[in-house]
Amino acid sequence: MAKTSTTTQGLRAAIERSGYYPALVAEAVEAAVGGDPIRSYLVHQETTFDQNEVRRHVTVLVLTGNRFIVSHTDEQAADTTSPTPYATTSTESVKLGRISSVVLSRVVANPESYTPGTLPREVVLTIGWGAVSRIDLEPAACGDPNCDADHGYTGNSTADDLSLRVSEAGDGPETVRQALAFAQALSEATADVPR
């Protein structure tokens, strides 16, 4: 990462604010970004409860001039394969031309009195680039209510590589703003890429 960029410094500060193994996360992201200038980023920490354990997970999304980078870091408790707790970090670099969809769902309170520019109480950002698809199937039917023939199945295939939920109550208003800004930057960047 270019060390002088204010965007890079902002990303580093956001990773450190997450408090989740910042040196490990920053190193993984830095290696994936390389020398590319950063256009936009989003850091999202999520805490989950798994039976009697609390687990943390951090996702870092980075937009460069020609790539979308996603980094996930998870912590694991000691188990039969490792006598000490450990963390797993993975990064994926996707060319912008491969991104097929950027979906931003907004949840607003009191929509009848919504004022433009008001921060949604939560947003869900879903990005698809064809690595993972979700298939929803249901039995097919014909219009004849007396028909008992097997018509097979019908359904939809949806790109669902990454889905990230950010809420004002859980993550704070600044993270919601950052998610909106990142979604807009990524959407604009993918629109500019020739197919």
Original post:
Once phi is turned into ³J(HN,Hα) by the Karplus curve 6.51 cos²θ - 1.76 cosθ + 1.60 with θ = phi - 60°, what whole-Hz value does each residue of region 183-194 show in order, with x for glycine and proline?
Top reply: 4, 5, 4, 5, 4, 5, 5, 6, 5, 7, 7, x
**OP:** Please give the per residue accessible area of region 20-73, computed with a probe of 1.4 Å over protein heavy atoms only, in Å².
**Re:** 46 Å²
Original post:
Quick one: helix 6-18 against the long Cα principal axis of the chain, what's the angle to the nearest 10°, folded into 0 to 90?
Top reply: 80 degrees
Original post:
Based on Cβ point charges of +1 for Lys and Arg and -1 for Asp and Glu, what charge dipole magnitude is obtained for the chain about its Cα centre, in debye rounded to the nearest 20?
Top reply: 940 debye
Original post:
Using a basic spin-label model with each label point 7 Å from the Cα along Cα→Cβ, how many nm lie between TYR153 and LYS95?
Top reply: 3.3 nm
Subject >> Karplus (6.51, -1.76, 1.60) ³J(HN,Hα), θ = phi - 60°, over region 115-127, in Hz, Gly and Pro reported as x >> reply: 10, x, x, 5, 5, x, 6, 7, 9, 10, 9, 10, 10
Subject >> Linear extension gain, SER113 paired with ALA169, 0.36 nm per residue minus alpha-carbon span >> reply: 18.1 nm
**OP:** Find how much the distance from PHE49 to ALA191 grows on full extension, using 0.36 nm per residue of separation minus their present alpha carbon separation; answer in nm with one decimal.
**Re:** 47.3 nm
Subject >> Cα centre as origin, Lys/Arg/Asp/Glu Cβ charges: region 43-83 dipole, Debye >> reply: 280 debye
Original post:
What's the FRET efficiency of GLU27 with GLN184 using the Cβ-Cβ distance as r and R₀ = 22 Å, to the nearest 0.05?
Top reply: 0.20
Original post:
Given a 1.4 Å probe and every protein chain left where it sits, what share in percent of the accessible area of the chain is carbon and sulfur?
Top reply: 49 percent
Original post:
How big is D, in µm² s⁻¹, for the chain by Stokes-Einstein at 10 °C and 1.306 mPa s if Rh is the Kirkwood radius over C-alpha pairs?
Top reply: 83 µm²/s
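The values are calculated or read from the model by the stated rules, or taken from the named source; none is laboratory data. All figures in this text were calculated on a predicted structure; none of them were measured in a lab. Heads up, the Cβs are rebuilt from the backbone with ideal geometry, glycines too, and the neighbour counts pull from every protein chain shown. Quick note on the areas: whole protein, heavy atoms, side chains included, nothing else; ligands and nucleic acids left out. Shrake-Rupley method; radii C 1.70, N 1.55, O 1.52, S 1.80 Å.
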